[in-house]
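J.: Quick one: the structure is below, questions incoming.
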Amino acid sequence: MLQAQVLVHSSPPIDNPSLLDAEAVARALGTDLESGLGTGDAAARLAHDGPNALRAATSVPTWRRILGQFQDPLIYLLLAAVAIALAAWLVEGRQGWPVDAIVIALVILLNGALGYAQEAKAGNAVAALAGMTSATCAVLRGGKPLRIASAELVVGDLLVLGEGDLVGADARLLRTAALRVQESSLTGESEAVLKDVATLPAPTPLGDRLNMVFKGTAVAQGTGRAVVTATGMSTEMGSIASMLDATVEEATPLQKEVSRIGRMLGIAVMIIAVVVVATILLMSDIRGPSDLITVLLLGVSLAVAAVPEGLPAILSVVLAMGVQRMARRKAIVKKLSSVETLGSASVICSDKTGTLTRSEMTIQRVVTASGDTLVTGVGYAPEGKVEHEGAQIQPGALLNEQIVVLSGGSLAGNANLRQADDGRWEIQGDPTEAAFLVAEHKLGATERRERRFERIGEVPFTSDRKMMSTIERDHEHAGEIVVITKGAPDVLLEHCTRARVGMDVVDLDDELRSRALADVARLTDEALRTLAVAYRPLAPGERAEASPDLERDLIFVGTVGIIDPPRPEAAVAIREAHRAGIRVMMITGDHPRTAARIAADLGIVEPGAQALTGAELDELDAAGLAAAVRVTSVYARVAPVHKLRIVDALQADGNIVAMTGDGVNDAPALKSADIGVAMGITGTEVTKQAAKMILVNDNFATIVDAVREGRGIFDNIRKFLRYLLSSNMGEVLTVFLGVVGAGVIGLTGGSEAIVLPLLATQILWINLITDSGPALAMGVDPETDDVMARKPRKPTERAIDARMWWGVVEIGLVMALATLLTIDLYLPGGLIEGTNDLDNARTAGFTVLVLAQLFNCFNARSETTSAFHHLFVNSWLWGAIALSAILQVAVVHIGFLNVAFGTVPLSLEQWAVCLAMGSTVLWFGELRKLALRAWSGRN
């Protein structure tokens with residue numbers, strides 16, 4: 001019989017307990033309202049349903065994460081190059097060391113090590129979620145109060161809730177006493193939610209289910225009792241864990257682009273190697289196996305030359321350097337490839353609470369009978385002043401009323417404000433109550449209030465009364481007893497018969513009452529939360545018993561308007577984002593009016609714009625949602641699934657989406673977004689694990705710095721891609737055109753059976769000294785243009801577009817022609833009659849190609865900007881060029897290197913000719929850029 005009952009109550013037992021009467025829920029779950037479950041029943045349910053814990057996703061073994069670093073088409077291409085180089089080394093008789101194969105293999109291993117080391121910090125988000133929500137809970141079992149691990153909670157348990165408790169499971173409230181629950185990590189609601197046991201008439205969003213408490217939230221104030229309705233993965237927190245586990249991380253735009261380049265280069269390399277080898281075999285006199293090996297080795301060398309084998313390592317190093325620069329700006333990037341992604345972002349979806357706002361409730365306005373004031377300063381630091389009509393408030397009736405409102409609100413509360421050892425101000429208790437303390441400090445009335453009043457009783461807040469009162473002894477008035485009340489303005493006014501005007505007390509006539517209600521409406525229209533303050537001295541002989549009966553015949557003093565203020569730096573960052581063509585959207589669980597007000601204050605939307613709610617999103621189909629996300633930039637009262645839908649709809653519309661947030665409710669959307677950005681201070685561990693980037697200082701403005709850094713990194717990636725590909729193209733075209741046009745330039749005859757413009761060892765040397773160093777230096781090139789003045793890069797826009805490919809071919813062709821013309825200059829015959837031997841001519845051509853690639857460094861820094869613009873800003877580039885030039889001098893003039901690379905010393909005059917011929921690449925590049933600028937100006 002017991003087992004049958006347990007089967008009935010296996011999770012989830014009730015679809016929406018908020019719509020059912022509390023007693024009906026308890027009966028359906030087989031729970032006694034006074035004693036709870038029996039211990040045997042609880043044990044059977046625990047055995048059947050399992051522990052109240054979130055399922056952690058299966059962790060990826062270390063060996064799989066290591067192998068994952070090598071799953072890239074470009075890496076496959078380099079591995080093929082290693083195999084070919086080793087095969088050629090074996091065919092040659094294993095002479096010496098296979099240097100080229102070893103170098104490429106080391107590059108591959110270095111790239112994998114860099115990627116693994118950077119990504120090793122990323123943990124499992126669902127596991128972090130499970131760790132965050134583990135706690136102990138107070139329950140009633142068999143009529144006895146117990147404290148058990150939250151993992152042992154079962155459906156039907158009676159939870160006993162008290163201030164400071166972490167809620168261990170989803171539960172339907174049975175009774176409450178001033179119960180307020182902090183749900184910001186789950187719903188995004190900045191203020192602690194006042195709970196109520198009343199049955200809801202219709203389904204409501206998560207943040208409005210006032211008769212429910214949820215796993216992972218915390219009790220900020222009051223007490224309560226609730227029956228557990230869902231545990232483990234059946235809870236609202238569990239549904240987030242499921243979404244997080246099921247959310248697939250997309251490859252970043254940079255990863256997709258590098259993969260595409262790798263595939264394209266693989267095809268190109270095979271074509272180049274086959275065509276060149278076939279051409280040489282057809283046009284040369286092959287006399288034996290050694291000639292065939294020479295041709296095949298040249299083909300391998302060209303294949304290796306055509307592949308920018310340094311690209312993966314250079315890319316990783318450049319991204320790692322970007323990560324370090326971002327870290328200095330308080331942005332921690334967990335995945336290297338994510339650095340560039342933020343630079344491509346076209347939309348930033350931001351949570352409100354704690355991200356765009358300070359998550360510190362602040363009194364902004366105080367309205368009394370004699371007027372209203374503005375309280376400056378934000379947050380819990382008591383820095384600011386109380387102003388009236390633009391000037392600091394002066395002594396008089398208005399000041400007297402303001403003191404009573406703020407001191408009365410501070411008395412009618414239980415929060416504490418203190419300054420920590422590090423100088424920061426922090427609160428204990430309800431944030432709204434703390435707001436009174438902060439404003440009172442700004443008015444300078446705190447010390448007098450603390451000396452004057454002594455609490456002797458309290459009437460706690462209840463959801464029915466919507467008020468709380470304290471009973472105070474006034475030592476400045478001969479120990480007079482005063483009741484001071486704080487509550488919802490419309491409710492409090494019903495208990496008032498008089499009003500405070502300056503130092504006087506007058507009857508609360510219809511005019512004063514109407515004016516007070518109008519003030520409340522005005523503050524509400526400004527999206528401020530309102531609370532009112534009243535008081536009453538007890539009559540002589542009246543008993544000061546803590547009872548709601550004392551809350552009568554009160555003297556109304558005034559109303560305050562409270563807001564979670566926007567971060568001032570966020571508005572500046574949003575303006576900069578708009579300048580960069582980036583759309584900023586707010587997605588929050590907060591009230592629609594509050595969300596719209598904050599969004600307007602920050603410049604996200606124009607004043608008067610409306611927020612779209614989660615309930616309204618539920619009514620939209622896919623087409624309706626796609627249309628909505630194009631025009632609506634503020635979303636309120638949304639659940640985690642709504643955030644995920646919005647991000648997915650934006651991505652489907654072709655956007656690169658950055659999503660910021662700090663709460664657990666943000667985690668699935670952060671993981672799904674192209675780049676998730678978590679808050680480092682207020683963010684939960686779950687959010688940090690799900691995100692790809694963490695803002696150490698919780699400063700939205702840091703995102704703009706990261707966008708600028710990301711755009712600069714992408715520019716630099718294009719620079720070294722342009723450089724590597726055009727230089728490698730020069731090498732390939734030099735050999736190909738040299739073989740095809742050998743007769744034209746006099747590259748025929750001699751002692752060699754096969755006469756080639758460059759030797760295989762020379763090609764490998766060029767790659768060694770000109771590729772990695774200069775390309776790496778270009779990866780840290782300072783920003784030459786205002787990258788924030790242009791629109792985000794479209795997902796369809798290639799890192800190497802058609803214009804860049806044409807430039808690569810054109811520059812490569814100029815390099816090849818300059819190299820071959822130099823060879824012709826020194827060889828007998830050909831277009832220009834020379835007198836030197838083949839070794840001398842080939843050494844000169846070899847040197848020209850090296851120098852041309854070094855001159856090409858300056859060309860590659862921009863597609864349209866002159867190479868002489870900001871010529872000396874990159875000292876690393878100049879150092880890399882100087883080192884490469886010195887190494888080339890060494891290979892030409894040092895004896896044993898002459899033997900190894902088939903070179904001979906050059907005269908000073910020949911060096912001058914080589915320098916002039918190599919520089920033709922630079923002058924051609926300047927003419928090309930001039931033409932492109934002129935063309936762009938006309939279009």
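J.: How many residues, within the range 895-920, are of a type in the set (Val, Ile, Thr) and in contact with a Ser or Thr (Cβ under 9 Å, 6 or more places away or on another chain)? First the steps, then the outcome.
T.: As a first pass, look at the range 895-920 and keep what is of a type in the set (Val, Ile, Thr): 899, 903-904, 913, 920.
Now drop any that are not in contact with a Ser or Thr (Cβ under 9 Å, 6 or more places away or on another chain), which leaves 903-904, 913.
Going through the range 895-920 one residue at a time, the tally reaches 3.
J.: Where residues in the range 843-876 are crowded, with 22+ Cβ neighbours inside 10 Å and of a type in the set (A, V, I, L, M), which of them is modelled with the lowest pLDDT?
T.: Only one residue tops the list, namely 860.
Per-residue answers, yes or no, for (1) out of contact with any His (no Cβ under 9 Å at 6 or more places or on another chain); (2) within 18 Å of residue 534 (Cβ to Cβ); (3) in a strand (DSSP E or B):
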site: 387; (1), (2), (3): yes, no, yes
site: 395; (1), (2), (3): yes, no, no
site: 405; (1), (2), (3): yes, yes, no
site: 414; (1), (2), (3): yes, no, no
site: 417; (1), (2), (3): no, no, yes
site: 426; (1), (2), (3): yes, no, yes
site: 432; (1), (2), (3): yes, yes, no
site: 438; (1), (2), (3): yes, no, no
site: 441; (1), (2), (3): yes, no, no
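J.: Give me a count of the residues in the range 694-749 that are among the hydroxyl-bearing types (Ser, Thr, Tyr) and outside any helix (DSSP H, G or I).
T.: To start, the set of residues in the range 694-749 that are among the hydroxyl-bearing types (Ser, Thr, Tyr) comprises 702, 723, 726-727, 734, 748.
Add one more test, that the residue is outside any helix (DSSP H, G or I), and what stays is 748.
Residues meeting the conditions: 1.
J.: May I pose another question? Please give the number of the condition residue 590 fails out of (1) within 23 Å of residue 706 (Cα to Cα); (2) surrounded by 23 or more Cβ atoms within 10 Å (Cβ to Cβ).
T.: In the conditions (1) within 23 Å of residue 706 (Cα to Cα); (2) surrounded by 23 or more Cβ atoms within 10 Å (Cβ to Cβ), residue 590 misses (1) alone.
J.: Consider the range 546-581. How many of its residues are touching a Ser or Thr at 6+ places or on another chain (Cβ under 6 Å) and either hydroxyl-bearing (Ser, Thr, Tyr) or in a loop (DSSP other than H, G, I, E, B) (or both)?
T.: 5
J.: Given (1) of a type outside the set (Val, Ile, Thr); (2) assigned to a strand (DSSP E or B); (3) surrounded by fewer than 12 Cβ atoms within 10 Å (Cβ to Cβ), where does residue 518 come up short, assuming only one miss?
T.: In the conditions (1) of a type outside the set (Val, Ile, Thr); (2) assigned to a strand (DSSP E or B); (3) surrounded by fewer than 12 Cβ atoms within 10 Å (Cβ to Cβ), residue 518 misses (2) alone.
Here is a yes/no grid of residues against (1) out of contact with any strand residue (DSSP E or B) (no Cβ under 6 Å at 6 or more places or on another chain); (2) among the aromatic types (Phe, Trp, Tyr); (3) within 14 Å of residue 404 (Cβ to Cβ); (4) part of a strand (DSSP E or B):
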{"residue": "473", "(1), (2), (3), (4)": "no, no, no, yes"}
{"residue": "484", "(1), (2), (3), (4)": "no, no, yes, yes"}
{"residue": "505", "(1), (2), (3), (4)": "no, no, yes, yes"}
{"residue": "514", "(1), (2), (3), (4)": "yes, no, no, no"}
{"residue": "523", "(1), (2), (3), (4)": "no, no, no, no"}
{"residue": "540", "(1), (2), (3), (4)": "yes, no, no, no"}
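J.: Is there any pair with a first residue in the range 702-720 that is under 21 Å from residue 660 (Cα atoms) and a second that is buried (at least 24 other Cβ atoms within 10 Å of the Cβ) and charged (D, E, K, R) whose Cβ atoms are under 6 Å apart and which are 6 or more apart or on different chains, and what are they?
T.: What qualifies is 710/340.
J.: Something else about it: Among the small types (Gly, Ala, Ser) and in contact with an Asp or Glu (Cβ under 8 Å, 6 or more places away or on another chain), is that true of residue 457? Spell out how you get there, then give the answer.
T.: Working: among the small types (Gly, Ala, Ser): yes; in contact with an Asp or Glu (Cβ under 8 Å, 6 or more places away or on another chain): yes.
Yes.
J.: Moving on. From the list 438, 378, 386, which one is more than 20 Å from residue 487 (Cα to Cα), in contact with a Pro (Cβ under 6 Å, 6 or more places away or on another chain) and either surrounded by 23 or more Cβ atoms within 10 Å (Cβ to Cβ) or not hydroxyl-bearing (Ser, Thr, Tyr) (or both)? Lay out the reasoning, then the answer.
T.: Values: 438 fails: more than 20 Å from residue 487 (Cα to Cα); 386 fails: in contact with a Pro (Cβ under 6 Å, 6 or more places away or on another chain).
Being more than 20 Å from residue 487 (Cα to Cα), in contact with a Pro (Cβ under 6 Å, 6 or more places away or on another chain) and either surrounded by 23 or more Cβ atoms within 10 Å (Cβ to Cβ) or not hydroxyl-bearing (Ser, Thr, Tyr) (or both) holds for just one of 438, 378, 386, which is 378.
J.: In the range 194-237, which residue that is assigned to a strand (DSSP E or B) and touching a helix residue (DSSP H, G or I) at 6+ places or on another chain (Cβ under 6 Å) is surrounded by the fewest Cβ atoms within 10 Å (Cβ to Cβ)?
T.: Step one: list which residues in the range 194-237 are assigned to a strand (DSSP E or B), which gives 194, 212-213, 218-230.
Now narrow it down to the ones that are touching a helix residue (DSSP H, G or I) at 6+ places or on another chain (Cβ under 6 Å): 212, 227, 229.
Details: 212: 23, 227: 26, 229: 29.
So the residue we want is 212.
J.: Another question, if that's okay. Quick check on my filter: what residues within the range 154-177 are crowded, with 24+ Cβ neighbours inside 10 Å, out of contact with any Cys (no Cβ under 6 Å at 6 or more places or on another chain) and assigned to a loop (DSSP other than H, G, I, E, B)?
T.: Across the range 154-177, the qualifying residues are 154, 155, 156, 157, 167, 169.
J.: Can I ask one more? Show the residue pairs meeting these rules: Cβ distance below 6 Å; 6+ apart or different chains; first residue within the range 745-764 and outside the structural domain of residue 278 (by TED's automatic domain parsing); second residue modelled with pLDDT under 80.
T.: Matching pairs, first to second residue: none at all.
J.: Same structure again: Against the condition in contact with an Asp or Glu (Cβ under 9 Å, 6 or more places away or on another chain), at pLDDT 85 or above and more than 21 Å from residue 28 (Cβ to Cβ), how does residue 187 come out, does it pass?
T.: Working: in contact with an Asp or Glu (Cβ under 9 Å, 6 or more places away or on another chain): yes; at pLDDT 85 or above: no; more than 21 Å from residue 28 (Cβ to Cβ): yes.
Criteria not met by residue 187.
J.: Moving on. If the requirement is being surrounded by fewer than 17 Cβ atoms within 10 Å (Cβ to Cβ) and modelled with pLDDT of 90 or more, which of these qualifies: 908, 825?
T.: On the way: 825 fails: surrounded by fewer than 17 Cβ atoms within 10 Å (Cβ to Cβ).
None of the other options fit; the residue is 908.
J.: Here is a follow-up. So which residues in the range 370-397 are free of Cβ contacts under 8 Å to residues at least 40 places away in the same chain and of a type outside the set (Val, Ile, Thr), if there are any at all?
T.: Listed by number, the residues that qualify are 371, 374, 387, 388, 389, 390, 391, 392, 394, 395.
J.: Another question about this same structure. Which is surrounded by 20 or more Cβ atoms within 10 Å (Cβ to Cβ) and at pLDDT below 70, of 81, 42, 26, 56? Please lay out each step first, then the result.
T.: Numbers: 42 fails: at pLDDT below 70; 26 fails: at pLDDT below 70; 56 fails: surrounded by 20 or more Cβ atoms within 10 Å (Cβ to Cβ).
On inspection, the qualifying residue turns out to be 81.
J.: Could you tell me which of the residues 524, 559, 530 is surrounded by fewer than 17 Cβ atoms within 10 Å (Cβ to Cβ), of a type in the set (Ser, Thr, Tyr) and in contact (Cβ under 8 Å) with a residue 40 or more places away in the chain? Give the steps one after another, and end with the answer.
T.: Details: 559 fails: surrounded by fewer than 17 Cβ atoms within 10 Å (Cβ to Cβ); 530 fails: surrounded by fewer than 17 Cβ atoms within 10 Å (Cβ to Cβ).
Result of the check over 524, 559, 530: 524.
J.: Where residues in the range 238-287 are of a type in the set (Lys, Arg) and at pLDDT below 70, which of them is surrounded by the fewest Cβ atoms within 10 Å (Cβ to Cβ)?
T.: The qualifying residue surrounded by the fewest Cβ atoms within 10 Å (Cβ to Cβ) is 287.
J.: Further question on the same structure: Have a look at 478, 445 and point out the one that is out of contact with any strand residue (DSSP E or B) (no Cβ under 8 Å at 6 or more places or on another chain) and either charged (D, E, K, R) or crowded, with 18+ Cβ neighbours inside 10 Å (or both). If you could, list the steps in order and put the result at the bottom.
T.: Details: 478 fails: either charged (D, E, K, R) or crowded, with 18+ Cβ neighbours inside 10 Å (or both).
Answer to the selection: 445.
J.: Another question about this same structure. If you check every pair at least six apart or on different chains, which have Cβ atoms under 9 Å apart with a residue in the range 874-897 that is under 16 Å from residue 720 (Cα atoms) first and a residue that is acidic (Asp, Glu) and modelled with pLDDT under 95 second?
T.: So the pair list comes out as 874/781; 876/781; 877/781.
J.: Kindly indicate whether residue 609 is among the small types (Gly, Ala, Ser), in contact with a strand residue (DSSP E or B) (Cβ under 8 Å, 6 or more places away or on another chain) and surrounded by fewer than 18 Cβ atoms within 10 Å (Cβ to Cβ).
T.: Values: among the small types (Gly, Ala, Ser): yes; in contact with a strand residue (DSSP E or B) (Cβ under 8 Å, 6 or more places away or on another chain): yes; surrounded by fewer than 18 Cβ atoms within 10 Å (Cβ to Cβ): yes.
Yes.
The values are calculated or read from the model by the stated rules, or taken from the named source; none is laboratory data. On a predicted model such as this, the values are computed, not experimentally measured, just so you know. For neighbour counting, all protein chains shown are included, and Cβ atoms are generated from backbone atoms with ideal geometry for every residue, glycine included.
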